[in-house]
1. Cβ-Cβ below 9 Å, separation at least six or inter-chain, first residue in the range 9-28 and within 14 Å of ALA47 (Cα to Cα), second loosely packed, with under 11 Cβ neighbours inside 10 Å and modelled with pLDDT under 95: which pairs?
2. Considering each of ASP34, ASP4, ASP20 in turn, give the residue that is exposed (fewer than 10 other Cβ atoms within 10 Å of the Cβ), out of contact with any Leu (no Cβ under 6 Å at 6 or more places or on another chain) and part of a helix (DSSP H, G or I).
3. Of the residues ALA9, ALA47, ALA41, ALA54, only one is at pLDDT 95 or above, of a type outside the set (Val, Ile, Thr) and not in a loop (DSSP other than H, G, I, E, B); which?
4. Step by step: first the residues of the range 38-55, then only those that are in contact (Cβ under 8 Å) with a residue 12 or more places away in the chain and within 15 Å of the chain's Cα centre (by Cα), then the one that is surrounded by the most Cβ atoms within 10 Å (Cβ to Cβ). Which residue is that?
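The values are calculated or read from the model by the stated rules, or taken from the named source; none is laboratory data. Model, not experiment: these values are computed from the prediction. Note that we place each Cβ from the backbone using ideal geometry, even for glycine, and neighbour counts take in every protein chain shown.
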Amino acid sequence: MSGDNIRLAGFLRLCQWHCDEAAFALGGGRFGTDRCRELAAELFETAIALRRYADSHDSPPKPALPEGGGAEHRTVESDPDV
């Protein structure tokens, strides 16, 4: 795992922990508006980090099927409508 992956994984675990705390506190009515805003900001930053990671690792999409292997070349013997 690269350094960037490790940092992002750690950030995600921290965010997960904060979300778990929020869920527990919200259920007990102990999660104030300031904490809601802080968590919202953290989730926003998490989304940015994930998008940046995805953008930096994008590659051209690969076809789902090899050339000439699409459904138009298949026959289904048990289907009378084919």
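1. ALA9/MET1
2. Values: ASP4 fails: exposed (fewer than 10 other Cβ atoms within 10 Å of the Cβ); ASP20 fails: exposed (fewer than 10 other Cβ atoms within 10 Å of the Cβ).
Selected residue: ASP34, the only one of ASP34, ASP4, ASP20 that is exposed (fewer than 10 other Cβ atoms within 10 Å of the Cβ), out of contact with any Leu (no Cβ under 6 Å at 6 or more places or on another chain) and part of a helix (DSSP H, G or I).
3. Working: ALA9 fails: at pLDDT 95 or above; ALA47 fails: at pLDDT 95 or above; ALA54 fails: at pLDDT 95 or above.
Unique residue meeting the criteria: ALA41.
4. Going through the range 38-55, the residues in contact (Cβ under 8 Å) with a residue 12 or more places away in the chain turn out to be 39, 42-43, 46, 49-50, 53.
Remaining after also requiring within 15 Å of the chain's Cα centre (by Cα): 43, 46, 49-50, 53.
Values: LEU43: 14, THR46: 18, ALA49: 16, LEU50: 13, TYR53: 14.
Checked the range 38-55; the qualifying residue surrounded by the most Cβ atoms within 10 Å (Cβ to Cβ) is THR46.
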